[in-house]
Amino acid sequence: MPSPPPDLTTLLAKLATSGAEFVLVGGLAAVAQGAPLTTQDVDVVHRRTAENVDTLLVFLSAVNARNRERPDLAIGPSRAALLGTGHNLLMTDLGPLDLLGTIEGGRGYDELTASTVVVELNGHPVRILDLATLAALKRGTTSPKDKLTLAVLEETLRRRGT
């Protein structure tokens, strides 16, 4: 029997409920703002403070997070890894979750918050990187997938008049 599809909205809602501070980036951020894209994971840039990382670790334990790059190891990310600038690519019981210390240009949570919109999900605020910034991050890419995504983001922005 095939695995059920990931429930990315539930994963995001549970992350928001956890009290962790993060900015939603990537495909799901674009979809949440009306871009007609398909995505397979939840990408977030998390605040890299000791308190927030501790909150994330409790959440990750609750959703059975484990390293997606090493499925043979049933362990999740370490505290040190979450405090760093790298990417933690995880699989949870609700689907894939990428916890990113920084994204393009070395931008972390604090640098991104000025370019977010806040939406409410199940009574909890979720910071989402705005479409214009998402598009700006894709400009200059060499990845064919990112070039296609950029075209969709730019068309979505054009239709919204922004």
Matching entry among L8, L24, L15 (being surrounded by fewer than 23 Cβ atoms within 10 Å (Cβ to Cβ) and among the hydrophobic types (A, V, I, L, M, F, W, C)):
L8
Segment 28-39 residues that are without any contact (Cβ under 8 Å) to a residue 12 or more places away in the chain and part of a helix (DSSP H, G or I), paired with ones that are among the polar types (S, T, N, Q) and surrounded by fewer than 17 Cβ atoms within 10 Å (Cβ to Cβ) (beta carbon under 9 Å, 6 or more apart)
V31/T38
Filter segment 58-114 for residues that are of a type in the set (D, E) and within 20 Å of T141 (Cβ to Cβ) and give the result.
D98, E104, E111
Close pairs from segment 103-122: first of a type in the set (G, A, S), partner assigned to a helix (DSSP H, G or I) and surrounded by 14 or more Cβ atoms within 10 Å (Cβ to Cβ), Cβ under 6 Å, at least 6 apart:
S115/T133
Is there a residue in segment 62-72 that is without any contact (Cβ under 8 Å) to a residue 12 or more places away in the chain and either under 13 Å from D43 (Cα atoms) or assigned to a loop (DSSP other than H, G, I, E, B) (or both)?
yes
Just checking, how many residues over segment 78-100 are out of contact with any Lys or Arg (no Cβ under 6 Å at 6 or more places or on another chain), more than 17 Å from E21 (Cα to Cα) and buried (at least 17 other Cβ atoms within 10 Å of the Cβ)?
4
Confirm whether E154 is of a type in the set (D, E, K, R) and either part of a strand (DSSP E or B) or closer than 22 Å to A20 by Cα (or both).
no
Of those in segment 108-125 that are outside any loop (DSSP other than H, G, I, E, B) and touching a Ser or Thr at 6+ places or on another chain (Cβ under 9 Å), the residue surrounded by the most Cβ atoms within 10 Å (Cβ to Cβ) is Y109
Regarding D54, is this residue at pLDDT below 95 and surrounded by fewer than 21 Cβ atoms within 10 Å (Cβ to Cβ)?
no
Tally up the residues in segment 131-145 that are within 30 Å of N64 (Cα to Cα) and either surrounded by 14 or more Cβ atoms within 10 Å (Cβ to Cβ) or at pLDDT 95 or above (or both), please.
1
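The values are calculated or read from the model by the stated rules, or taken from the named source; none is laboratory data. Small disclaimer: the values here were computed from a predicted structure and weren't measured. Reconstructed Cβ throughout: ideal geometry from the backbone, glycine too, with neighbour counts over all protein chains shown.
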